[in-house]
Structure formats: C-alpha cells, structure tokens
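For reference, the structure discussed in these notes is given below.
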Amino acid sequence: MTPHAEIEGFLTRFEERVAPVEKAVKEAWWRLAITGTEDAQRELVRAGMEYNRLFGDKAEYEKVEGFYEGRDALESDLLRRQVEVLYRTFAGRQGDEGVLERIEELEARANAVYGNHRGLVGGKEVGENEIREILRNSGDEALRREAWEASKTVGREVEETVRELARLRNRLAREAGYPDHYHRSLDLQEIDAGQLVRIMFSLESATEEQFRELKVNLDEKLKARFGVETVMPWHLSDPFFQEAPEDAGLDVDRHFREKDLTELTRRTYDALGLDVRGVVASSDLYGRPGKNQHAFCLSVGREYPYDVRVLANVRPDAYWMNTMLHEFGHAVYDKHINPRLPYLLRTVAHTNTTEAIALMMGSLADDPDWLSAVAGVPEAELDEVCGYLLWRDRADKLVFIRWALVMFNFEKALYENPDREDLNGLWWDLVERLQLVERPPGRDEPDWAAKIHVAVAPVYYHNYVLGHLVAAQLRNHLEERVTGGPFFMSEVAGRYLQEAVFGPGARNGWEATVLRATGEKLNPDYFVKSLR
Ligand SMILES: [Zn+2]
C-alpha cells in the first residue's frame, strides 16, 4: 500500500468512528445549556469520555505520528493538511492516563468552585452579576470596595488547584518534549511562540502612550465622582478592568429598547447576502429559568446542510445587540464551509479567524453608520451619542489589550514555574505596569486565581487579541479593496467573505487564511491604526 492509500484508509475509518461521537458531544452540550438538568450533565460527561477514548490507543497514535513525520513527502496538499490536523487532534490528548484523568478531575472541581462560590457583601452572599452591578452603578465607596474584595475571594479557594493543574499540564508537556505547557499549547494551536511574543510586545509599546492618556482622563473623572485622591481598583466598573467604564449619563441602550434584536440581526446579515433564517429557526435566543445565562454558537456535527445553533438570552439593549451580531458571525462562518472538504477540514481555520468575524460583526452595534442605516436610529439621536460611541470603541479596545497583556505575561510566567512563591506579587506588578491600576497597600492575595480562564481555559487569551488584529486587517481590506465603503451594506463583501474566509474552512492554517483573505500576513498595524 502506498502511504497515500494507507492514510486515506485511516482517515475514512477515523471519520466513521469520530463523527457520531463528536456529534453526540455537541448535542449533549446543547441540551445541558438549554435545560441545565443533571441528566443532561451526565450525558455530557459520558459522551465526553467516549470522545476522549477515541484517542487513547498508543499504537494508533504512533501511526499518526508516522504519517505526520512523513507529511512533506505527500504529493497532495489536501492530504498533508488533513495529516497535520489529525496529528494535532491526537497529540493534544496524549499522555500518562493517570495525569490526564487527574487534570480532568481538577478542571471539573475548579469549574464547580467558580460556579458555586459566592462572595460576601454586607454579610450577604452575592454572585458575579450582583458584583458587576455594584461596580457598574454604586456610588458608595465602602460597598464597592467590599464587592471588589468579594470578587477575589474565590482565588484562595482555587489557588492550590490551579497550581496543581499547571504542574500536571507541564508534566504532559515535558513528556512530549516541550519546555512547558505554554509552549506545547501554542504549538498545538499552530502558533509560533516567538512570533506571538513579538506581536504582544509591539502591541504593548504601540498602546502605551494612548492608554496612559486614557487612564489619566478616566482617573480624573473617577476622582471627581468618588471624591478621592487616588483611584483604587474598586473604583473601576468591573473586577479586572477588562472594559472601559460606561458613561452613565448617555443612554445608548435606548436605540434598542423598542427593537426586535433578532430582526435586526437578520437584516444585518441580509444586507451582506448571508441568510441566517435557518440558524434563527434552530436557535434558542431568549432567557428562561434553568438555561445557560451566557451566549454561544454551536455547530452540531459536520453533515451538510450544517446544523448551526445560537444560544442567547436576548434583552433589548446594546450589550445584547453586540452579542447577537457576534454569535451570528460565528454562525455564518460555520454555515458556509465548503461541504466538499474532507471531514477534518470541515471546520473553521482557527479560533482566531472565527473570533475575527464575530468581533467585526459585533462591533457594528456601536457603529454610527450601522445604527443609522440598519437599526434606523434617527440622525438627531445619533448626533448626541456619536462622539461617545467612537470614543468608547477605541477605549474598549485599548483597555482590553492592556488587560490581555496581563493575562498573557502572567500565564507565560506561571508555566515557567508554577511553584514560584511570588505569583501574587507578580500579578500585581503586571497590573500596575500594564493597566496602571494601583495595588491596594499590603495586598498579598492570589487574585490571579480569581480569573476562571487561568484555571480552565489556559493559554487561550491571545486568541482574542489575534482575533482583534485579524478583524481590523480584514475590515480594512474589505473596505479599501473590495467594497470601497462600509462593508456591512454590501453583498459583494458577503460573497468575498464566503469565498475567501468561510468556504476554505480549515483547508489552510490560520496564517495562510489571513494571507489569502487580506493579501498580506497578519500585521498589527491595522488594529493600532484603528485606535487613533
Ligand atoms: Zn466569539
């Protein structure tokens, strides 16, 4: 048998085994999200274990490794790409069985702690939403401080679990020949560690001055509002300073209060010639007790016509408008992947490319042109908020990047040495340097462990950052080279996205996808320019 025939045979048998299980996992995930029942929880765990078992055969993995090592000799690009994806799918699930099980247990435990932990404010237990509510609205400084501190108490409860997870992940990484989990994880995500460091470093210096200016202005307002000399972390409007504080005086939600957000979503995608009616019909968009309170897009199975669903809890406000456009951005991508591609490639090129589409679409909710043309907001109303919306878009991006830099640098250091004694201090050194937020005097708490991503979505945050960079570069390309005007009013832009981004699926890696879609390699300049 030629290597070509052997690999083809392997892929066919693999697809037969993996397709039904993968579909069952997605279906179980959906059912859990819409019902929240214990029954659904059990089914998800069962399907998840069955899925992981598909990769447990050592002899089979060695075979896949062999295909991967010999991939350069393959004549077919399509086959080579499948081998690369196959190899990474297997490699991410290899390692000592005991360690893998322990990691799964600890992640489940950490997830449960984040889900169930309640901080205390005024002697009463409060959840995340209540804390966010206080930090967004309260004028009572003592209450704010208590709420902020309460938001961090989960850190102590999970600190040891997070450190243990980091040690175990590092063990798997070292067994596989990597220096640590950070490097293994990036490699499995097809991201070059050196390139990522360069991108992050260039973003740090490119945003330095503008962020400082923004923070000084923000601080002036906060000092006046709270009558204080120094701005402390609890004066900001969320526990980690991930977003720019809202201007309470300007009601941007009013544009959506009387609107049907699903209808606006449909209209937005219609203008691009991308029909989302099928997705709307299989989605679950409005809140209900027992239902997952967040939002996501899910593709169930890889059979054509694709079964793509969105879960949301729509309310008529700006936040949910952005979220709907965001999730349906993921959905149109999934929906338009070329069905003739082989199974393993019938998916998005990368997390960062689908995030790019979602971010580009979501941001329309704050775009004055979109508000006027699609949402039908009267000009007079727009004039009042236009300046604020433009400020806010820029401020949000700046604040987000500086926060993402904290996460990036912290995780890198965590995996270099999960046992270092000064993680608490290191976290605050980064927060002070990058976010210009002052550490409360004498604070020595595991505040880093209060961020759920550090525990259960490790080495992932950079994908949001890359998503922003790809979105800016793609939008620039669309408007400069394809439509010559706002991309969202153009079916030509919709067709271009289908052909250049969605259709090829995972046929090429993310870098090649960006290059083909925008005519150049990923370049942070477009994003940096959008901050001016
Ligand atoms: Zn997303």
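Any residue in region 14-24 that is in a helix (DSSP H, G or I), in contact with a Lys or Arg (Cβ under 8 Å, 6 or more places away or on another chain), open to solvent by less than 40 Å² (accessible area, probe 1.4 Å) and closer than 24 Å to D187 by Cβ?
Checked region 14-24: at least one residue is in a helix (DSSP H, G or I), in contact with a Lys or Arg (Cβ under 8 Å, 6 or more places away or on another chain), open to solvent by less than 40 Å² (accessible area, probe 1.4 Å) and closer than 24 Å to D187 by Cβ.
Here's the yes/no breakdown for (1) touching a Gly at 6+ places or on another chain (Cβ under 8 Å); (2) without any contact (Cβ under 8 Å) to a residue 40 or more places away in the chain:
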residue: E101; (1), (2): no, yes
residue: L106; (1), (2): no, no
residue: A110; (1), (2): no, no
residue: H117; (1), (2): no, no
residue: G122; (1), (2): no, yes
residue: I131; (1), (2): yes, no
residue: E141; (1), (2): no, no
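Could you tell me whether region 372-381 includes any residue that is open to solvent by less than 50 Å² (accessible area, probe 1.4 Å), within 24 Å of the chain's Cα centre (by Cα) and more than 26 Å from K26 (Cα to Cα)?
no
Sort out which residues of region 97-152 are assigned to a strand (DSSP E or B) and either closer than 23 Å to Q41 by Cα or open to solvent by 30 Å² or more (accessible area, probe 1.4 Å) (or both), and write them in order of number. Spell out the reasoning first.
Restricting attention to region 97-152, the residues satisfying the condition of being assigned to a strand (DSSP E or B) are 119-121, 124-126.
Of everything in region 97-152, those that are assigned to a strand (DSSP E or B) and either closer than 23 Å to Q41 by Cα or open to solvent by 30 Å² or more (accessible area, probe 1.4 Å) (or both) turn out to be L120, K124, E125.
Confirm whether M360 is open to solvent by less than 20 Å² (accessible area, probe 1.4 Å) and within 17 Å of the chain's Cα centre (by Cα). Give the steps one after another, and end with the answer.
On the way: open to solvent by less than 20 Å² (accessible area, probe 1.4 Å): yes; within 17 Å of the chain's Cα centre (by Cα): yes.
Answer is yes for this residue.
Run down R198, R225 and say which single residue is touching a residue at least 60 places away in the same chain (Cβ under 8 Å) and in a helix (DSSP H, G or I). Before the answer, list the steps.
Numbers: R198 fails: touching a residue at least 60 places away in the same chain (Cβ under 8 Å).
Being touching a residue at least 60 places away in the same chain (Cβ under 8 Å) and in a helix (DSSP H, G or I) holds for just one of R198, R225, which is R225.
Checking E213 against (1) in contact with a His (Cβ under 7 Å, 6 or more places away or on another chain); (2) surrounded by fewer than 18 Cβ atoms within 10 Å (Cβ to Cβ): exactly one of these is not met. Which one?
Evaluating E213 over (1) in contact with a His (Cβ under 7 Å, 6 or more places away or on another chain); (2) surrounded by fewer than 18 Cβ atoms within 10 Å (Cβ to Cβ) leaves (1) as the failure.
From (1) outside any loop (DSSP other than H, G, I, E, B); (2) within 16 Å of the ligand (Cβ to nearest atom), pick out the condition that doesn't hold for G387.
So G387 meets the others, but not (2).
Residues are listed down the side, and each one gets a yes or a no for (1) free of Cβ contacts under 8 Å to residues at least 60 places away in the same chain; (2) charged (D, E, K, R); (3) closer than 29 Å to N217 by Cβ:
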| residue | (1), (2), (3) |
| --- | --- |
| L325 | no, no, yes |
| F328 | no, no, no |
| H350 | no, no, no |
| A358 | no, no, no |
| S363 | no, no, yes |
| E384 | no, yes, yes |
| L390 | yes, no, yes |
| F400 | no, no, yes |
| K412 | no, yes, no |
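Restricting to region 153-173, count the residues that are of a type in the set (S, T, Y) and open to solvent by less than 10 Å² (accessible area, probe 1.4 Å).
0
Condition (residue is within 22 Å of H183 (Cα to Cα) and of a type in the set (K, R)) applied to region 50-60: is it met by at least one residue?
No, the conditions are met nowhere in region 50-60.
Within region 331-351, track down each residue that is crowded, with 19+ Cβ neighbours inside 10 Å, part of a loop (DSSP other than H, G, I, E, B) and within 16 Å of the ligand (Cβ to nearest atom).
Of everything in region 331-351, those that are crowded, with 19+ Cβ neighbours inside 10 Å, part of a loop (DSSP other than H, G, I, E, B) and within 16 Å of the ligand (Cβ to nearest atom) turn out to be V348, A349, H350.
The values are calculated or read from the model by the stated rules, or taken from the named source; none is laboratory data. On a predicted model such as this, the values are computed, not experimentally measured, just so you know. Using ideal geometry, Cβ is built from the backbone for each residue, glycine included, and neighbour counts are taken over all protein chains shown. Protein only, heavy atoms only, side chains kept; ligands, DNA and RNA dropped before computing areas. Shrake-Rupley method; radii C 1.70, N 1.55, O 1.52, S 1.80 Å.
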